[in-house]
Structures are given as C-alpha cells and as structure tokens.
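The values are calculated or read from the model by the stated rules, or taken from the named source; none is laboratory data. Keep in mind that this is a model prediction, so the values were computed, not measured. Note: ideal-geometry Cβ built from the backbone for every residue, glycine included; neighbour counts use all protein chains shown.
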Amino acid sequence: MYVNTKDILEKASKEFYAVPAFNINNLEFLIAILEGAVEKNAPVIIETSEGAIKYAGNGDPIRGAKFFVNLVKGYADTLNIPVALHLDHGKNLEYIAAAIKAGYSSVMIDASHEPFEENLKITKEVVKWAHAAGVSVEAELGQLAGIEDNVSAEENVLVDPQQAKIFVEETGVDFLAPAIGTSHGAFKFKGEAKLDFERLEKVKKLTNIPLVLHGASSVPAKYVELAEKYGADLGGAKGVPAEEIKKCVKLGINKVNTDTDLRIAFLAGLRKNLTENVKEFDPRKYFKEGMQFVKDVVMDRLEFLGASGKA
Ligand SMILES: O=C(COP(=O)(O)O)N(O)CCCCOP(=O)(O)O
Ligand SMILES: [Ca+2]
Ligand code: NA
Ligand SMILES: [Zn+2]
C-alpha cells in the first residue's frame, strides 16, 4: 500500500531499525526493489532525484513527477507492504512543487549548501507548503563531498548538533539528514571510512526525530568485480562497510539512501547477460539478470538494516 514516509520512519525511529530509500530512474529497478521488499515482508522507500524526474519526463518536471507517482502508487497499491515515494535532493522549487502536486509521499529540500539562516528560511517555507498538502519533509545540515547533480561540494562540512536542534524546532521538518562524513557515488573515501558517530549520537539526542544517512552505498566488491569482468572500469570504487552503517542505525539513523549499489549490481548483470547471450534482443530477457542482482542487493540491505518483517 502507498503510504506517507513519515509513518514508515516514525515506527523505525521508535524501534531503532532503518528503512532503505532506493533510487529509481526506470521500471526495471522499481520491480526489482518492490519484489525484494515483498519477499522480505518489509517497508521500503522509493526515491527519485530531480535528475530522475527530468529523465522520466523527458525534461518536463510535471510529466516526470506524475509518471513516477502513477507508476509507484499503481504497483504499491497491489502489495501488502508499506511503500512511500520520496523526492531526493530537491533543490529546484519547480521540481518540489511538481512532486507535491503529483502526490509524492515526501520531499527533500536540500538547501544545505546555503548559509544556515538561508537553509532554515527555505526549509520553513517548503514545510509549510508540503504539510498543507499532507506531504512530509526531509532537510539536510552540513555538506557531503562529491557531486549532487547541480551542486558539488569540495569537501565534507559536518553537521553542528546545536544548530540541528534549533533547525528542527524552527522548521518543523519531519526528518533530517545530518552530514557525518559520507559522500555520494562509488568513490567515497580516499583512505578508510571515517564516520563521526559521536556527532550523530548528539544530533539524535538533541532533535529526537528520524534521521537520514546519505551516501550510504557499500559498493560490494562482488558486483564491482563482476562488472569489470565483463568490461566495466570501476577502478578504486569504495563504499561504506555494512558494519559502519549498522552502527549508525543503532545511534538513530532510520532512512538509508542507497543508489550506487543498485547501479553497480544492475550494470554487472546487464553486461554479463549481454555478453553471454549475443543473439538476444528482447529487453525483457536481457534486463532480467541485472534486475535479479538488484533484488539480491535490496533483500540483503533490508535484512541488515532490520527492516525485514516490519511491514
Ligand atoms: O545519498 C544518496 C545515495 O548515495 P550513494 O551514492 O551512496 O548510493 N542519494 O541521495 C542518492 C543520490 C542520487 C543522485 O542521483 P542523480 O545522479 O540522479 O542526481
Ligand atoms: Ca546538500
Ligand atoms: Na533524500
Ligand atoms: Zn544523497
């Protein structure tokens, strides 16, 4: 069933488990994710970036947002697990408005590259809008290094826990993404992963709302190697070890954004299948193996985040 993200996350926050938010850009990833969640009898959050909405709407945000709401709601309403649809990294108010109007469960307003007061002002505005339409809101404090589509931050700017307390009280935001050392993409750390657990613990205590971990892909070697065996070049790919993510969940992370892991799993399956079936030209056949690998990654993540059986 199609639900509000806040309902999924409030339950997770109370019971100290986390729900993955998986990014999609097409039908194949959606099917793989939802079938994996059904098999694990787990809640799941589907999220689309502004880039995904642009892609699906061929440049038109209203068309793209409506496309995803109908696709996800249509599929979710035939299932017995809670499914929410979230706008990830909303920065462009045209896209945020399109998502709210189309019927997204929740939207992220990411103004974390702005000065604190500006981020607070913009977020307050979006919360008013979204709440009037029954839509919940995520915001971000601090910055993740790496590319975020139309904004790239040079290095990490970690969240200030005292600022987080003020921010949550002033904005009424429903869930918060505190930057604690992760970054987006497949090349996350020069050396070892270093997440600031003490900082996370402080933010949870001071805000007491569901928290979001961005840049949470683990980049499993198994799929990197398989993709490279069939011609990909992902040299140096490095993610957040699952054990580190589990520690974050214990400290109060409840939504775990995962995109890169699904991209690499699908790539491995697609390259493998195309290489091994040179006569095949039916996409319903040659996409299957990549979809299966995505489903496997989804089920594994639902398991280790503690979301399995929580539908
Ligand atoms: O925090 C995350 C996931 O990070 P990950 O890279 O660790 O999976 N996300 O918010 C997903 C970011 C998706 C970016 O998508 P576009 O390329 O369409 O802009
Ligand atoms: Ca940001
Ligand atoms: Na998000
Ligand atoms: Zn992110």
TODO: For G181, work out the one condition from (1) modelled with pLDDT of 95 or more; (2) on the phi > 0 side of the Ramachandran plot it doesn't fulfil.
DONE: (1)
Task: Test result for S136, within 25 Å of K205 (Cα to Cα), surrounded by 15 or more Cβ atoms within 10 Å (Cβ to Cβ), among the hydroxyl-bearing types (S, T, Y) and touching a His at 6+ places or on another chain (Cβ under 6 Å) - done: no
Open item on the list: Here are the criteria: (1) away from ligand 2 (no atom under 16 Å from the Cβ); (2) touching a strand residue (DSSP E or B) at 6+ places or on another chain (Cβ under 9 Å); (3) closer than 20 Å to E28 by Cα. Tell me which single one A268 does not satisfy.
Closed with: (2)
Open item on the list: Name the residue that is nearest to N254 (Cα to Cα), counting only residues in segment 267-311 that are surrounded by fewer than 19 Cβ atoms within 10 Å (Cβ to Cβ) and of a type in the set (F, W, Y).
Closed with: F304
Task: Total residues in segment 48-101, condition aromatic (F, W, Y) and more than 17 Å from F29 (Cα to Cα) - done: 1
Open item on the list: Go through segment 25-53 and report how many residues are without any contact (Cβ under 8 Å) to a residue 40 or more places away in the chain and in contact with a helix residue (DSSP H, G or I) (Cβ under 6 Å, 6 or more places away or on another chain).
Closed with: 1
Open item on the list: Give me the residue from segment 183-218 that is surrounded by fewer than 20 Cβ atoms within 10 Å (Cβ to Cβ) and within 19 Å of V297 (Cα to Cα) and, out of that set, farthest from ligand 1 (Cβ to nearest atom).
Closed with: F187
- [ ] Test E10 against the stated conditions and say whether it is in a helix (DSSP H, G or I), of a type outside the set (S, T, Y), at pLDDT 95 or above and out of contact with any strand residue (DSSP E or B) (no Cβ under 9 Å at 6 or more places or on another chain).
- [x] no
